[in-house]
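Structure below; questions to follow.
The values are calculated or read from the model by the stated rules, or taken from the named source; none is laboratory data. Being a predicted model, the structure only gives us computed values, none of them experimental. Neighbour counts run over all protein chains shown; Cβ positions are idealised from the backbone, glycine included.
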Amino acid sequence: MGRCFEKSAVDLVIVGGGVTGAGVFREAVRNGLRCLLVDQKDFAWGTSSRSSKLIHGGLRYLKEAQFKLTLESVKERERLLTEAEGLVSPIDFIMPLYDGAGPGRAAMAAGLTVYDILAKKFRHRYLRSHRVKELIPGINTETLKGGYLFMDAQVDDARLVLRLIGEGVRQGGRALNYTYARSILRDAEGRVTGVSLMDQATGAEFEVSAPAVVNATGVWAEALHPSPEAHLHLRPLRGSHLVFSREKLPVDQAISFFHPTDKRPLFIIPWEGVVLLGTTDLDHEGDVNLEPAITDAEVEYLLGALKGVIPHAGLTREDALTSFAGVRPVLSEGGKSASQESREHAVWVDRGLVTVTGGKLTTFRKLAWDTLNAAQPFIREDPLTGEGDAVFSERRGTTPEGVGHELYKRLWSRYGKGTLALLQGAGPQGLELISGTPYVWAELAYAAEHEGVCHLEDLLLRRVRIGLILKNGGLDQMASIRAVVENYLNWDDERWEKEVADYRRLWQGCYNPCPPENK
Ligand SMILES: Cc1cc2nc3c(=O)[nH]c(=O)nc-3n(C[C@H](O)[C@H](O)[C@H](O)COP(=O)(O)OP(=O)(O)OC[C@H]3O[C@@H](n4cnc5c(N)ncnc54)[C@H](O)[C@@H]3O)c2cc1C
């Protein structure tokens, strides 16, 4: 992972360092292909760091009779729970049931039974109303009939991307962030011959030869490859979240519930020591090249939903720690409401250019293999292998002395083999927790040294998620953060001032739930 690349030919260039591109990269490198992955901004800068962080079957897709998508998602969830243990973790959900609102008990029982059958595990159960009240303090009890408990899974989305890229790089792949793919290069017959790239830091342009290019640019996909299906185009749909501390919103299980006004499904999800409330689903009218942010209307909508389900929480905008927004790459035929749009993916092939877009974080492996199988004829004759292999091949060994087992497990799940260097470099205070977070200081040092950090925002929003979970985005801890990473980043005072000022501006504009003009 980094910024240095000797400009030679490769077998495959992957444009887009979100979960889709990272999944393709990981599997292609495993097959011995010489691969280059590029992202115009940071790895996971796009949608893949801004999701609801669920690895889920998607109960709501069952309601819309999207059995194929649910089955694929449930299979992937089960696989990732084992193969990415610690990074992908089980999470209990409660869905409260109300008289005369939302689905009834019979409908939920049927849906959850199908969900469990698809997973081949029987895990849901009915809860009487008194048990729901115990489990969700402050829940709206008016007409509460009971509820269902069921299981799904959650992830640190950006770390999933970085783990996939990290393993690919350690096995010989090359990955460059802040490298923009300007255009696809072709020969006289229109066959792909490579890609024209630009280093965003210097403006330097260069070309890389390759017989195949994967366009995994999510919501940007049609810029490199306009849809070949006249009726099907990308519809950017924004989803936003509010983030609360557990003191303000004390829930131990996730809650799946319906908005009192438009009846859309929403979630309250404990994650990384905080609680996420989301999400919205709206046409994104803004420029997709600019960082998206929650709007006032979305804040009101989410707070209205919270008031409906936990009225006694009495939370306001000022109580939120942070907010974040992302834009879904959804393929649309038109004529549907945002929430009715399918989350299926599409693969388009054009003489060596293979575009993959749509889909979900959960199904990234499936997307990767559909893409690679489409790209293979342009690269080599032999089929690619390993579709059934475990997603990560780096295996965790015995917990080293002096390191807690849970910490070691957590670090390995995020850094793979990099954990060894992380621990070696950790000074006496390195394994202490950064206050208010589940991260240890040595993670910052490791990321700064080994994970291609170009800007402060890369470190605080994606390598660790301090920017999402600490009030003020970690700006209050900047002196300590600088002390830990400055030896690796080699920024002088002027650069530090600029990085901090840029990060402050970004955080205030796009992650602060109460930007100064609202106070
Ligand atoms: C609010 C929200 C909640 C969601 N929740 C869930 C969930 O809980 N579970 C789930 O499974 N899915 C969820 N999703 C969907 C999931 O996040 C996306 O499907 C997935 O992250 C898309 O990944 P991607 O790699 O295709 O796109 P992206 O992550 O957007 O990656 C594309 C990358 O391409 C780069 N790029 C674009 N153009 C160029 C270029 N010309 N040159 C170089 N790089 C370029 C971009 O910078 C970007 O980093 C959610 C989505 C949203 C918005």
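How many residues does the range 9-32 hold that are within 17 Å of E167 (Cβ to Cβ), among the β-branched types (V, I, T) and more than 6 Å from the ligand (Cβ to nearest atom)? Don't jump to the end; show me each part of the working.
Of all residues in the range 9-32, those within 17 Å of E167 (Cβ to Cβ) come to 12, 14, 17-32.
Subset that is among the β-branched types (V, I, T): 14, 19-20, 24, 29.
Within this subset, residues satisfying the condition of being more than 6 Å from the ligand (Cβ to nearest atom) are 14, 24, 29.
Qualifying residue count, the range 9-32: 3.
Hey, can you tell me all the residues within the range 92-118 that are surrounded by 20 or more Cβ atoms within 10 Å (Cβ to Cβ) and among the aliphatic types (A, V, I, L, M)?
Those that are surrounded by 20 or more Cβ atoms within 10 Å (Cβ to Cβ) and among the aliphatic types (A, V, I, L, M): I94, M95, L97, M108, L112.
Separate question: Which one is farthest from Y446 (Cα to Cα) among residues in the range 9-47 that are in contact with a Ser or Thr (Cβ under 8 Å, 6 or more places away or on another chain) and among the polar types (S, T, N, Q)?
Selected residue: N31.
Name the residues in the range 165-215 that are under 24 Å from the mean Cα position of the chain (by Cα), part of a loop (DSSP other than H, G, I, E, B) and polar (S, T, N, Q), would you?
Passing the criteria: Q171, N177, Q200.
Please specify each residue of the range 316-374 satisfying the condition of being hydroxyl-bearing (S, T, Y), more than 24 Å from G386 (Cβ to Cβ) and in a loop (DSSP other than H, G, I, E, B).
Selection gives T316, S337, S342.
Out of all the residues in the range 56-113, which are within 30 Å of T143 (Cβ to Cβ), modelled with pLDDT of 90 or more and assigned to a loop (DSSP other than H, G, I, E, B)?
Once the filter is applied, which keeps residues that are within 30 Å of T143 (Cβ to Cβ), modelled with pLDDT of 90 or more and assigned to a loop (DSSP other than H, G, I, E, B), the range 56-113 yields only H56.
Hey, another quick one. Out of all the residues in the range 276-307, which are among the small types (G, A, S) and modelled with pLDDT of 95 or more?
Result: G278, A293, A297, G304, A305.
Further, regarding this structure: Can you tell me how many residues in the range 342-400 are farther than 18 Å from V327 by Cβ, among the aliphatic types (A, V, I, L, M) and in contact (Cβ under 8 Å) with a residue 40 or more places away in the chain?
9
If we keep just the residues of the range 33-86 that are closer than 30 Å to L460 by Cβ, surrounded by fewer than 24 Cβ atoms within 10 Å (Cβ to Cβ) and aliphatic (A, V, I, L, M), which is nearest to the ligand (Cβ to nearest atom)?
The residue in question is L80.
Within the group R170, R159, which residue is within 15 Å of the ligand (Cβ to nearest atom) and within 30 Å of M198 (Cα to Cα)?
None of the other options fit; the residue is R159.
Please enumerate the residues belonging to the range 405-419 that are assigned to a helix (DSSP H, G or I) and within 17 Å of G168 (Cα to Cα).
If the condition is that a residue be assigned to a helix (DSSP H, G or I) and within 17 Å of G168 (Cα to Cα), then W412, S413, R414, Y415, G418, T419 are the ones that fit.
Something else now. Go through the range 403-418 residue by residue and tally those that are among the charged types (D, E, K, R) and over 20 Å from the mean Cα position of the chain (by Cα). It would help to see each step written out before you state the result.
Here is the first cut: in the range 403-418, the residues among the charged types (D, E, K, R) are 406, 409-410, 414, 417.
From what is left, the residues that are over 20 Å from the mean Cα position of the chain (by Cα) are 406, 409, 417.
Adding up the residues that qualify gives 3.
While we're on this one: Could you count how many residues in the range 410-426 are surrounded by fewer than 16 Cβ atoms within 10 Å (Cβ to Cβ) and in contact (Cβ under 8 Å) with a residue 40 or more places away in the chain?
0
Now for a separate question. Out of T316, T279, T261, T295, I need the residue that is surrounded by 20 or more Cβ atoms within 10 Å (Cβ to Cβ) and among the β-branched types (V, I, T). Which one? Walk me through how you get there before you give the answer.
Values: T316 fails: surrounded by 20 or more Cβ atoms within 10 Å (Cβ to Cβ); T261 fails: surrounded by 20 or more Cβ atoms within 10 Å (Cβ to Cβ); T295 fails: surrounded by 20 or more Cβ atoms within 10 Å (Cβ to Cβ).
Of T316, T279, T261, T295, the one residue that is surrounded by 20 or more Cβ atoms within 10 Å (Cβ to Cβ) and among the β-branched types (V, I, T) is T279.
Let me ask you something else. Given the options K360, K417, name the one that is touching a Ser or Thr at 6+ places or on another chain (Cβ under 8 Å), closer than 19 Å to R159 by Cβ and not polar (S, T, N, Q).
K360
Identify all residues within the range 269-283 that are within 13 Å of the ligand (Cβ to nearest atom) and in contact (Cβ under 8 Å) with a residue 60 or more places away in the chain; write none if there are none.
Selection gives I269, W271, L276, G278, T279.
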